[in-house]
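Following: one structure in structure tokens, then a few remarks.
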Amino acid sequence: MASTNTSKSTARVTSTEGDKGALRSPEIALACIMALVVAIAIIGGANVAGFIASTVAFVVWLPQARSVWASRNDPHALSSISVGTQVLLLSNAVLWGVYAAQESAFWVAAPGIINAPLALLCIGLIIRARKQQNTVQTVDCEHCHADRQHREFITAPAGWGSVMDCSGTPRDHAVVVFTDEDISALRSQRA
């Protein structure tokens, strides 16, 4: 009887290995790293905890700043980035800087030393891109000239599958589509 139960539990484990909800090794590794960082922060005291917290606060915003910088010449790619969020980041950095100066707590203000200039750079690049987008007057699209109803299917990973109205200028990583069937066909190719 015991062997029957063992074989059933083995079968159950085997059947769950393919579950999409199961933890994968990168997720387990990340959880272990996070636990190690928290342990170091607790053992090391306030300065170590402050340094780790400052590093995390900087790292959180780095991908967004990198994305904005990489797309700085593409107004369409920057259209989904919120200026308001960048203003909140800047405000956060300034307020923590004021608090840190009053309390003589350097690590509280440390992320703002890097995040504030990043936020200013992002705000400037986003505003510049939006001005460029608004000043584009020429229509280079042959389908627009011919008055044909069409849209663009985005083929780049960042916006893959999005369907947008034609902007009048050719977009990198976009395919012109005329019907919903064209869109379905493109989406089925990815699956």
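Among 85-98, 56-69, 30-43, how do they line up from the highest to the lowest mean number of other beta-carbon atoms within 10 Å? Intermediate values should be presented prior to the final figure.
On the way: 85-98: 16.8, 56-69: 14.9, 30-43: 11.4.
Listed from highest to lowest mean packing, they are 85-98, 56-69, 30-43.
Starting from 0.36 nm per residue, how many nanometres of slack lie between V37 and L88 once their C-alpha separation is accounted for?
On the way: separation 51, 0.36 × 51 = 18.36 nm, distance 2.73 nm.
Between V37 and L88, full extension yields an extra 15.6 nm.
Once label points are set 7 Å from the Cα along Cα→Cβ at both A105 and C144, what is their separation, rounded to one decimal in nm?
Modelled inter-label distance: 5.2 nm.
Less than 11 Å Cβ to Cβ from P75, Lys/Arg counted +1 and Asp/Glu -1: what total charge do the surrounding residues give?
Details: positive: R72, R128, R130, K131, R171; negative: D74.
Here the count lands on +4.
Sorted by packing (mean other beta-carbon atoms within 10 Å per residue), highest first, where do 181-190, 163-172, 110-119 land?
In decreasing order of mean packing, 181-190, 163-172, 110-119 become 110-119, 163-172, 181-190.
I need the calculated FRET efficiency for the pair V176 and K131, taking r as the beta carbon distance and R₀ as 22 Å, to the nearest 0.05.
Calculated value: 0.25.
I183 to I52: FRET efficiency via 1/(1 + (r/R0)^6), r the Cβ-Cβ distance, R0 45 Å, to the nearest 0.05?
0.45
Every number here is computed from the coordinates shown, using simple stated rules; none is lab data. Since we're looking at a predicted model, the values are computed, not measured. No Cβ is skipped: glycine too gets one built from the backbone with ideal geometry, and neighbour counts run over all protein chains shown.
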